[in-house]
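Participant: Have a look at this one.
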Amino acid sequence: MRVFPIGVGTAFGRRFFNTNLIVQFDSGGFLLVDCGITAGRSLETIGMSVLDVRNLFVSHLHADHIGGIEELALKSKLLLGRKIDLYINQGLVDGLWESIRGGIEHTQLGRLRMDDYFNVFAHEEGFVLEGVEFSSRPTNHVNGMMSFDLGFGNLLFTGDTVFSRDYVVGRVNGFGTVIHDCSFNSVQKVHAHYKDLIENRHLFDRLYIIHYEDDVERYRQRMSSADISLCRQYIEIVVTPSWI
Ligand SMILES: [Zn+2]
Ligand SMILES: [Zn+2]
């Protein structure tokens, strides 16, 4: 199994693309973890395409995580006649459809529904795909908005979340590698601030950050000194001790 981000940037950044990941299975198939506005372009940069996507996980409903789904759904349906296998917390299903229906409900094939585009695997706490067990738990991102992480093997991807010691203590145990949301901007209160991650570095084994702003160079040395790695676009995440 391999994991690599196709984007590592914050929602409205210009340099690093939306924070979306690929989890590639030994079979060669893969799960796309979130499909933001930039996903199509990110995939094409490495010789892939949204038409290669068969499995999608959605963490929450911000555009940097779902803004590319219109293209994905339309192309899969109209060019390939294929549905996407959608892995999503059941609490997000209606909201996702409300977010995307304006662009895909009406087609030359007639009026379509969620089920015409997706095989919806709505879950409460996780799912199994290609024999791999994925767990998914709520995060603390925006008040009143549901958002979820994704854990599998020895890797936990927090998705978008503020830093929460309670969440980390309760959730991180057992995951040797964590990819944590991180912001360098102290004004924001919906992402994990880098100083909180540095201060609580001891709670993690191997720690990567993602979803960071364009001015990352100013903070690179500080993160490195704290033994915190930066996720980089298209660069595989090194998972320790191993997947097994
Ligand atoms: Zn985001
Ligand atoms: Zn978000």
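Only the coordinates and a few stated rules stand behind these numbers; no lab work does. Note that the structure is predicted; figures quoted are calculated from it, not measured. Here the Cβ positions follow ideal geometry from the backbone for every residue, glycine too, while neighbour counts run over all protein chains shown.
Participant: Give a quick list of GluC sites (Glu not before Pro) in region 189-240 that DSSP marks as loop, anything other than H, G, I, E or B, with at most 15 other Cβ atoms within 10 Å.
Facilitator: Filter output for region 189-240: Glu236.
Participant: Hey, what D do you get for the chain in µm²/s if you plug the Kirkwood alpha-carbon radius into Stokes-Einstein at 37 °C and 0.692 mPa s?
Facilitator: D, rounded to a whole number, is 181 µm²/s.
Participant: Given labels modelled 7 Å from the Cα in the Cβ direction, how far is it in nm from Glu105 to Arg82?
Facilitator: Each label point is offset 7 Å from its Cα along the Cβ direction, giving 2.8 nm.
Participant: Using Cα centres only, tell me the gap between region 171-234 and region 65-90 in whole Å.
Facilitator: Centre-to-centre (Cα) distance: 30 Å.
Participant: Follow-up. Do any trypsin sites (Lys or Arg not before Pro) in region 1-48 lie in a loop, going by DSSP, with at most 16 other beta-carbon atoms within 10 Å of their beta carbon, and if so which?
Facilitator: Arg14, Arg15
Participant: Which of the trypsin sites (Lys or Arg not before Pro) found in region 66-124 are loop residues per DSSP with 12 or fewer other Cβ atoms within 10 Å of their Cβ?
Facilitator: Answer by residue number: Arg113.
Participant: Right, another one. Please list, in order along region 6-11, the HN-Hα scalar couplings obtained from phi with the Karplus expression 6.51 cos²θ - 1.76 cosθ + 1.60 (θ = phi - 60°), rounded to whole Hz, x for Gly and Pro.
Facilitator: Values per residue, Gly and Pro as x: 9, x, 9, x, 6, 3 Hz.
Participant: Can you tell me the dipole magnitude for the chain around its Cα centre, using point charges on the Cβ only (Lys, Arg +1; Asp, Glu -1), in Debye to the nearest 20?
Facilitator: Here the size comes out at about 360 debye.
Participant: Can you give the FRET efficiency to the nearest 0.05 for Ser224 and Arg165, using r as the Cβ-Cβ distance and R₀ = 22 Å?
Facilitator: Rounded to the nearest 0.05, the efficiency is 0.40.
Participant: Place a point 7 Å from Cα of Arg201 in the direction of its Cβ. Which residues in region 131-169 have their backbone N less than 19 Å from it?
Facilitator: 163-165, 168-169
Participant: Run the numbers on the chain and let me know its relative contact order in percent, using alpha-carbon pairs under 8 Å that are six or more apart.
Facilitator: After rounding, I find 18 percent.
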